[in-house]
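Engineer: Sending over a structure as structure tokens; questions will come in a sec.
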Amino acid sequence: MTPAEKIVSEDLHHIVNRGSDEFSRLSGRRVLIAGGAGFLGYYLAQAPLFWNKVTVGLPPISVTVLDSFIRGVPSWLTALEGDPNLHLLQHDIRNPLPVELGDVDFLLHAASIASPLYYRKYPIETMDANVNGLRGMLEYCLAQKRAGKSVAGVLFYSSSEIYGDPTPENIPTPETYRGHVSCTGPRACYDESKRYGETLCVNFARQHDLPIKVARPFNNYGPGLKITDGRVIPDFARSILDGNDIVMLSDGSARRTFCYVADAVVGYYKILMKGRPGEVYNVGVEGPEISVSDLAARAVTLGRELFGYTGKVSRRESSDKDYVVDNPFRRCPVITKARTELGYDPQTRIDEGLRRSLLWYSGNREASEA
Ligand SMILES: NC(=O)c1ccc[n+]([C@@H]2O[C@H](COP(=O)([O-])OP(=O)(O)OC[C@H]3O[C@@H](n4cnc5c(N)ncnc54)[C@H](O)[C@@H]3O)[C@@H](O)[C@H]2O)c1
């Protein structure tokens, strides 16, 4: 087993152990993961299939990955194609769900461009996926209910970005904070479509009594996040693995908490199975809240230890004038709601998560554009 394969195997064990109750309740049911070819889809799809393999005596979970596959089917999904419990469905979520979809028990909507680099390039496509795409999914749930085939759970992926740039007294940020968001700035296509998406979810849940829940992910990172994605950790990993200096395009002072994806995915399955309809849950870690400069320094230290990296951190002004416009200065969640209601309990410390990520990237350096 390569170091990268070992990381994935350990993560899958971690997810199915911590989510054992949730996966048992999914046994024999059909789950649709829209956007399942993306970063979060990597473990969202692999974990139930892995649970099928390590569980004896319970019916398997059936997983349908719906994605536009705009950049092709990723190699990890191709490798799983022989699995009888995995089905791939090429579809653009901006269009109504295809009739051949049939009956689904649980639906996850993670089909949206998520990288700032790319959603600023494709703002209208981003809005349409989060508004029209979500609406189509919710209408499907309503139609299923009316046909006597009620869905059992829906999870919409919103974002910590719905808080915009929180005022200092609202950091750490609880779900009750209403946000400080521009509706016309360069990031608004993402932030505002997620906000409207949440409003759609809450009102469909209330008006039609549907089991729709919302997750607000805070800076997830780790295996599955393409090295070309444009988010900060894969960018650092690419520099380290190529032996180049880490070039920071901002002053590095923005502060974040970083949540390792194996912890986050357990949280998402907990919200899907146990979250209250019409409710939103922050999914992230409470600390440490570190600057992007600090993160880069930690990545350099780990790069030295793991690969004998000799580079350093340097700074360059971005040629993109909107690079940091409306970029929140601090982002740090309160996760008490998910902890107390759902038993969400992220465990992976940042240095361990970074180490795992770098090892995974060392075996997964090739990627098409995100
Ligand atoms: N990763 C994070 O830290 C984070 C933070 C906040 C919110 N989110 C949200 O979680 C969800 C998943 O994020 P991710 O990091 O996995 O993103 P990603 O970009 O890695 O994956 C998104 C997937 O959705 C697919 N997709 C995009 N538009 C589509 C469309 N119109 N029809 C069908 N498929 C489409 C893409 O092909 C891709 O496979 C997104 O809704 C994102 O906004 C993620």
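The values are calculated or read from the model by the stated rules, or taken from the named source; none is laboratory data. None of these values were measured; they are calculated from a predicted model. Note that we place each Cβ from the backbone using ideal geometry, even for glycine, and neighbour counts take in every protein chain shown. Ligands, DNA and RNA are excluded from the accessible area calculation, which covers all protein heavy atoms including side chains. Shrake-Rupley method; radii C 1.70, N 1.55, O 1.52, S 1.80 Å.
Engineer: Do any helices (runs of 4 or more DSSP H) lying entirely in region 71-163 carry at least 2 residues that are under 21 Å from Leu225 (Cα atoms), and which ones are they? Step through it out loud before you land on a result.
Structural biologist: Values: elements: 75-79, 116-119, 123-130, 132-146.
Correct list: 75-79, 116-119, 123-130.
Engineer: Among the residues of region 85-142, which ones are at pLDDT below 95 and of a type in the set (D, E, K, R)?
Structural biologist: Within region 85-142, Glu100, Arg120, Lys121 meet the criteria.
Engineer: If you don't mind, another one. Report, ordered by the first and then the second residue, all pairs with beta carbons closer than 7 Å, sequence separation of six or more or different chains, a first member in region 110-133 that is more than 12 Å from Ile70 (Cβ to Cβ) and open to solvent by less than 50 Å² (accessible area, probe 1.4 Å), and a second member that is near the ligand (Cβ under 6 Å from one of its atoms) and of a type in the set (Val, Ile, Thr).
Structural biologist: Cβ pairs passing all conditions: Tyr119/Ile113; Thr126/Ile113; Gly133/Ile93.
Engineer: Just to be sure before I move on: is Arg256 surrounded by 20 or more Cβ atoms within 10 Å (Cβ to Cβ), more than 21 Å from Gln46 (Cα to Cα), modelled with pLDDT under 95 and within 11 Å of the ligand (Cβ to nearest atom) in the structure I sent? Please lay out each step first, then the result.
Structural biologist: Numbers: surrounded by 20 or more Cβ atoms within 10 Å (Cβ to Cβ): yes; more than 21 Å from Gln46 (Cα to Cα): yes; modelled with pLDDT under 95: yes; within 11 Å of the ligand (Cβ to nearest atom): yes.
Taking the combined requirement at face value, the residue satisfies it.
Engineer: Another question, then. Of the residues in region 296-317, how many are modelled with pLDDT of 95 or more and either of a type in the set (D, E, K, R) or closer than 13 Å to Thr257 by Cα (or both)?
Structural biologist: Total meeting the criteria: 3.
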